[in-house]
Amino acid sequence: MSAALPSVSGKASETYDVVVVGAGFAGMYMLHRLRKQGMTARVYEQGDGVGGTWYWNRYPGARCDVESMQYSYSFSDELQQEWDWSERYAPQPEILKYANHVADRFNLRPDIQFNTRVERAEFDESAGVWSVATSGGKTVTAKYVVLATGCLSNAKMPDIRGLDGFKGKVYHTGHWPHEAVDFTGQRVAVIGTGSSGIQSVPIIAEQASHLTVFQRTANFSIPARNAVLTEDERQRFREKYPEIRRFAREEARNGIYTDLPDRGALDDGDNERRAKYESRWSKGGLTFMSVYNNLALDKTANDTAADFVREKIAEIVKDPQTAKLLQPNNHPIGSKRICIDTDYFATFNRANVTLVDIKSSPIEEITANAVRAGDKDFEVDALVLATGFDAMTGSVAKIDIRGRNGQALNQKWAEGPKTYLGLMSAGFPNLFIITGPGSPSVLSNMIVSIEQHVDWIADCVAYMRNHGLQTMEADKDAEDKWVAHVNEVAYTTLYPQANSWYMGANVPGKPRIFMPYIGGVGPYRQICNDIAAKGYEGFVMAGAEQKRKVAASQ
Ligand code: NAP
């Protein structure tokens with residue numbers, strides 16, 4: 001429901017309690033919570049369906065690296081008891097099906113407007129509302145704006161000379177076509193060896209007549225050991241859900257239920273340590289990094305895990321020169337997002353796969369039919385760009401957001417994102433960010449972090465309504481302290497030693513700031529809860545009366 005009101009620009013406009021930007025997992029749950037507490041909300045989504053990152057990332061082999069029984073909503077017990085995940089790690093089509101199921105089950109679609117981008121959001125100080133302009137040329141007003149724009153949703157095209165003149169097909173993994181792409185009989189180039197490249201390479205290699213992989217930085221990857229989930233396995237999980245979800249929220253640092261290590265890598269002798277790494281390697285998955293409690297903190301400890309993986313690569317890859325190139329050697333293991341694969345390294349044993357080291361011989365240009373590197377032309381019919389995202393801030397930056405005094409968020413964040421708790425930025429009242437920079441977000445099981453933020457924001461706006469409050473914003477001092485804390489905690493770890501997208505290092509010109517909060521989802525949740533319990537300490541809240549006085553004195 002909405003009412004017609006004059007907008008800032010004077011044109012008739014709809015007005016909502018909340019405008020939500022994005023209908024991925026964050027936007028959908030936000031809408032559900034707001035509706036449950038009787039608020040009006042409009043969700044704008046640029047795609048023509050729900051699912052966010054799982055709507056766009058349809059590349060071959062795309063699947064989640066968190067186990068499906070955990071990478072799922074926990075807010076509805078009926079939902080988590082009823083949904084049948086087919087595999088240990090759900091493939092992209094199944095996650096998208098789940099997102100659509102959620103949209104239907106909770107009747108979310110009537111409040112989502114698809115094929116619509118939010119272009120601009122401007123805070124009207126006198127009215128205390130946001131004016132939101134969309135790609136359809138329409139402007140609506142809302143008391144609150146929630147950015148559910150996703151951390152990895154702004155696909156980054158590489159700046160390579162000649163790319164536009166390539167005559168074959170060009171695909172970006174983060175913006176994959178909806179129709180099936182079949183590389184049978186084609187010569188294909190994959191540029192980029194992050195998670196997306198590592199997942200797609202084995203599948204493309206099976207189809208292509210020849211696959212050339214262009215690698216700038218070798219990456220650590222652990223076998224996924226994906227498998228079909230049996231009904232027994234699903235049932236065991238479901239019975240334990242209350243404990244699994246509680247643990248993921250409160251005790252796990254990354255929102256994943258697993259055994260927590262009680263010792264460091266150097267507390268064990270060589271044989272014992274090796275046995276533990278072997279056991280996790282056989283088990284597969286992200287929890288490889290949880291064998292010991294100091295792998296992210298102590299370089300010598302980290303080296304033991306990194307050496308183990310390098311040895312595994314050398315065992316799997318038959319050609320010693322290729323194996324050497326595939327062994328990561330310029331960053332600690334885990335300091336870049338660790339990859340989870342199915343047969344990635346073994347794929348380089350295939351006769352139709354070539355690895356090209358573009359660290360030593362960078363790509364010079366792309367011609368009409370080839371990738372030119374090291375003075376050599378690699379002729380290809382199709383290009384797959386697995387070159388990643390302008391992460392965490394890229395999708396926010398695409399919206400022209402104006403806060404108090406017309407200040408642009410992009411201008412405020414020019415030296416790097418500044419938020420209080422990753423939830424709000426000073427000078428931008430009533431504007432919330434879900435899993436924004438300065439929160440655990442991408443260092444965690446995203447759905448755990450999304451649910452935590454959505455619940456916190458929903459509780460916060462209910463509090464404001466119950467207390468007759470009109471605006472809320474981060475206090476500048478609290479924000480500065482939080483930004484310093486996020487930075488300080490990051491630099492107690494090995495993470496800043498890598499040129500990663502966590503640091504903004506993959507986007508030329510982007511400020512080098514460690515963007516996510518590495519303090520752990522459990523401690524972070526406690527901080528957020530304590531702040532709320534203290535009447536939203538560090539936030540400035542103002543009532544309608546105060547707002548009127550401020551307006552009168554202007
Ligand atoms: P990414 O990790 O940023 O990897 C991009 C790759 O492209 C890197 O190898 C990078 O090399 C290379 N690259 C970038 N620009 C290049 C250029 N101009 N020339 C040559 N190479 C270039 O991106 P991603 O693989 O899409 O993954 C991003 C994140 O998405 C992951 O870390 C993960 O969090 C998430 N993700 C998750 C899954 C999953 O759940 N399984 C799957 C896919 C993605 P450098 O390293 O040298 O910069």
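Other residues with beta-carbon under 10 Å from the beta-carbon of Val371 carry, at +1 per Lys or Arg and -1 per Asp or Glu, a net charge of -2. Helical content alone sets the calculated 222 nm signal of the chain at -10000 deg cm²/dmol, taking -39,500 (n - 2.57) per DSSP H segment of four or more residues and averaging over every residue. Working from label points 7 Å from Cα in the Cα-to-Cβ sense, the Asp475 to Asp262 distance is 4.1 nm.
Farthest toward the positive end of the dipole of the chain, out of Ala99, Phe237, Met392, is the Cα of Met392, where the dipole comes from beta carbon charges about the Cα centre. Computed about the Cα centre, the dipole magnitude for segment 1-131 is approximately 200 debye when only Lys and Arg (+1) and Asp and Glu (-1) carry charge, each at its Cβ.
About its Cα centre, the chain has a charge dipole of approximately 940 debye under the convention of +1 per Lys or Arg Cβ and -1 per Asp or Glu Cβ, with nothing else charged.
Computed from Cα positions, the angle between helix 25-36 and the longest principal axis of the chain comes to roughly 30 degrees. Sorting the segments 71-83, 436-448, 403-415 by their mean number of nearby beta carbons within 10 angstrom, highest to lowest, gives 436-448, 71-83, 403-415. At a probe radius of 1.4 angstrom, the accessible area of segment 195-352 per residue rounds to 46 square angstrom.
DSSP finds beta bridges in segment 1-142, and of those with both partners inside it, around 65 percent are antiparallel. Per atom type, the chain shows carbon and sulfur on 48% of its accessible surface, probed at 1.4 Å.
Note on Lys240 and Phe114: the model spin-label points, each 7 Å out from Cα along the C-beta direction, lie 3.8 nm apart. Residues whose amide H lies under 5 Å from that of Ser439, counting only those 5 or more places away or on a different chain, are Tyr517; hydrogens are built 1.01 Å from N in the peptide plane. Highest-first packing order for the peptide set 523-529, 389-395, 336-342, 455-461 is 389-395, 336-342, 455-461, 523-529, based on the mean count of other beta carbon atoms within 10 Å. Considering only Ala458, Pro202, Pro261, and ranking their Cα positions along the charge dipole of the chain that arises from unit charges at the beta-carbon of Lys, Arg, Asp and Glu, the one farthest toward the positive end is Ala458. Computed from Cα positions, the angle between helix 270-283 and the longest principal axis of the chain comes to roughly 70 degrees. For the chain, the relative contact order works out to 19 percent when only alpha carbon pairs closer than 8 Å and six or more residues apart are counted. Summary of packing: across the peptides 503-511, 303-311, the per-residue average of other C-beta atoms within 10 Å ranks them, highest first, as 303-311, 503-511. Going by alpha carbons, how many degrees (0 to 90, nearest 10) lie between the helix axis of 299-316 and the longest principal axis of the chain? Taking Cα atoms only, the helix is inclined about 50 degrees. Over segment 451-536, Cα pairs under 8 Å with separation of 6+ residues give a relative contact order of 25 percent. How charged is the neighbourhood of Lys143? Take every other residue with its Cβ under 10 Å from the Cβ of Lys143, and add Lys/Arg as +1 and Asp/Glu as -1. Neighbourhood net charge equals 0. Checking every one of the GluC sites (Glu not before Pro) in segment 196-274 against DSSP loop status and a limit of 10 other Cβ atoms within 10 Å picks out no site at all. Since only Trp281, Ser335, Gln321 are under comparison, the one whose Cα sits farthest along the positive direction of the charge dipole of segment 272-372, derived from C-beta charges on Lys, Arg, Asp and Glu, is Trp281. Amide H to amide H, with H built 1.01 Å from N, Thr217 comes under 5 Å of Thr193, counting only residues 5 or more places away or on other chains. Of the three principal axes defined by the Cα atoms of the chain, the extents in descending order read 76, 56, 45 Å. Between Ser209 and Lys318, the modelled labels are 2.3 nm apart [label points 7 Å from Cα along Cα→Cβ]. Computed about its Cα centre, the charge dipole of segment 242-355 is approximately 420 debye, with only Lys, Arg, Asp and Glu carrying charge at their Cβ. Both the radius of gyration and Dmax for segment 492-540 are 14.9, 41 Å, in that order, over alpha-carbon atoms.
The values are calculated or read from the model by the stated rules, or taken from the named source; none is laboratory data. Being a predicted model, the structure only gives us computed values, none of them experimental. Cβ: placed from backbone, ideal geometry, glycine included. Neighbour counts: every protein chain shown. Each accessible area value is taken on the protein alone, full model and side chains, heavy atoms only, with ligands, DNA and RNA left out. Shrake-Rupley method; radii C 1.70, N 1.55, O 1.52, S 1.80 Å.
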